[in-house]
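Student: Please see the structure below; I have some questions.
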Amino acid sequence: MTSYKELGLVNTRDMFAKAVKGGYAIPAYNFNNMEQMQAIVQACVATKSPVILQVSRGARDYANINLLRNMARGVVEYAHELGCDIPIVLHLDHGDSFQTCKDCIDNGFSSVMIDGSSLPYEENIAVTRKVVEYAHQFDVTVEGELGVLAGIEDEVSSATSHYTKPEEVEDFVSKTGVDSLAISVGTSHGAYKFTPEQCTRNAEGILVPPELRFDILSEIEKRLPGFPIVLHGSSSVPQEYVKMINEFGGKLTDSVGIPEEQLRKAAKSAVCKINIDSDGRLAMTGTIRRIFAEKPGEFDPRKYLGPARDALKEMYMHKNIDVLGSAGHALD
Ligand code: G3H
Ligand code: 13P
Ligand code: ZN
């Protein structure tokens, strides 16, 4: 058993309390490899932002849990070396069972999500409660979910979303004891969120998707004042990277993500954690494709992974500063 405290990590409790009070959201960036992790930490240190390093079950299988734990330890030391001891959480994204969550808690994770959102309500409560009882013994915080997002998350995919029912949230939170709650208000997983046909054009000619259901969010906030709310599926699908991928041999179909202004508005509310994965994949893939096309003789991985890492860093800095508002809050 390795406690996250030995690794220099923190849980989400204080972080979320400050974010809800301060009207900003903590970035939860997914990572699977060293370059992604370096980019996240460099960006968060440069912007003095707290951060949640997020590991999906797929990432755990890909990278190995022992390596991940030691990478997290390294990340804490790396942030220190870069000049700012930002608070760092190591979080399991979309845990599918008690056993997966327990494995992560026993291996140095400071926060876990138990995603029982596809289960019948009472079963979701039962498994979430069980994870909370185990996690809290070790001061690990737990995220639960109510409502279903469209799109693909790990091996689970849903064609349609079911918005969170505000009338269930108080009962769910009090019966499970979760520390935060992921909700469904119109975001979805993956790079294909809205087709251009589902959008309207604004005055500048930019495609704008249907607005998130801020009415449901504010009803939830009324019922759970000050309680930390989480938004999954919050990539904005930067069109510059979609274009770059297609320009250099890729084949992505047109898609529109969650507009940054809407995320900014959500971050000012009780939404205190915003999950972003797909945007990182797009930025990395676009950059690597561009370098492969422009320098076909290059075969040193550092020559394409390095620039991809720089592009990621720049994108994450922009999100922390201009979208989530977490920049400058590392030492609150
Ligand atoms: O919500 C899911 C994340 O984007 C993780 O995706 O299972 O392909 O690593 P993954
Ligand atoms: P995106 O696919 O919109 O990046 O969402 C990621 C996510 O919710 C991870 O849990
Ligand atoms: Zn998610």
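Student: Considering each residue of segment 27-57, count those that are open to solvent by less than 40 Å² (accessible area, probe 1.4 Å) and among the charged types (D, E, K, R), and give that number.
Tutor: The number of residues fulfilling the criteria is 2.
Student: How about segment 40-61: which of its residues are hydrophobic (A, V, I, L, M, F, W, C) and more than 16 Å from ligand 3 (Cβ to nearest atom)?
Tutor: Within segment 40-61, the subset hydrophobic (A, V, I, L, M, F, W, C) is 40-41, 43-46, 51-53, 55, 59.
Across segment 40-61, the qualifying residues are I40, V41, A43, C44, V45, A46, V51.
Student: Considering segment 146-187 alone, what residues qualify as being assigned to a loop (DSSP other than H, G, I, E, B), at pLDDT below 95, aliphatic (A, V, I, L, M) and in contact with a Ser or Thr (Cβ under 8 Å, 6 or more places away or on another chain)?
Tutor: The one that is assigned to a loop (DSSP other than H, G, I, E, B), at pLDDT below 95, aliphatic (A, V, I, L, M) and in contact with a Ser or Thr (Cβ under 8 Å, 6 or more places away or on another chain): L149.
Student: Turning to a different aspect of this structure: Residue check: is S161 closer than 19 Å to N11 by Cα, within 16 Å of ligand 1 (Cβ to nearest atom) and among the polar types (S, T, N, Q)?
Tutor: Numbers: closer than 19 Å to N11 by Cα: no; within 16 Å of ligand 1 (Cβ to nearest atom): yes; among the polar types (S, T, N, Q): yes.
No.
Student: Now a separate question. What tally of residues in segment 256-290 results from selecting those that are away from ligand 1 (no atom under 16 Å from the Cβ), of a type in the set (S, T, N, Q) and open to solvent by 10 Å² or more (accessible area, probe 1.4 Å)?
Tutor: Looking only at that region, the number is 2.
Student: While we're looking at this one, here's another question. Give me a count of the residues in segment 62-96 that are within 16 Å of ligand 1 (Cβ to nearest atom), out of contact with any helix residue (DSSP H, G or I) (no Cβ under 7 Å at 6 or more places or on another chain) and farther than 19 Å from M1 by Cβ.
Tutor: 3
Student: Further, regarding this structure: Search segment 176-213 for residues being more than 23 Å from S278 (Cα to Cα) and either among the aromatic types (F, W, Y) or within 21 Å of the chain's Cα centre (by Cα) (or both), and hand back the single one that is most open to solvent (accessible area, probe 1.4 Å).
Tutor: Within segment 176-213, the match that is most open to solvent (accessible area, probe 1.4 Å) is D179.
Student: Further question on the same structure: Could you check Y24 against (1) of a type in the set (S, T, Y); (2) open to solvent by 10 Å² or more (accessible area, probe 1.4 Å); (3) within 17 Å of the chain's Cα centre (by Cα) and say which number it fails?
Tutor: If we test Y24 against (1) of a type in the set (S, T, Y); (2) open to solvent by 10 Å² or more (accessible area, probe 1.4 Å); (3) within 17 Å of the chain's Cα centre (by Cα), just (2) comes out false.
The values are calculated or read from the model by the stated rules, or taken from the named source; none is laboratory data. All of these numbers come straight from a predicted model, not from anything done at the bench. FYI the Cβ positions are ideal-geometry reconstructions off the backbone, even for glycines, and counts take in every protein chain you see. Just the protein is used for accessible areas: all its heavy atoms, side chains included, with ligands, DNA and RNA removed. Shrake-Rupley method; radii C 1.70, N 1.55, O 1.52, S 1.80 Å.
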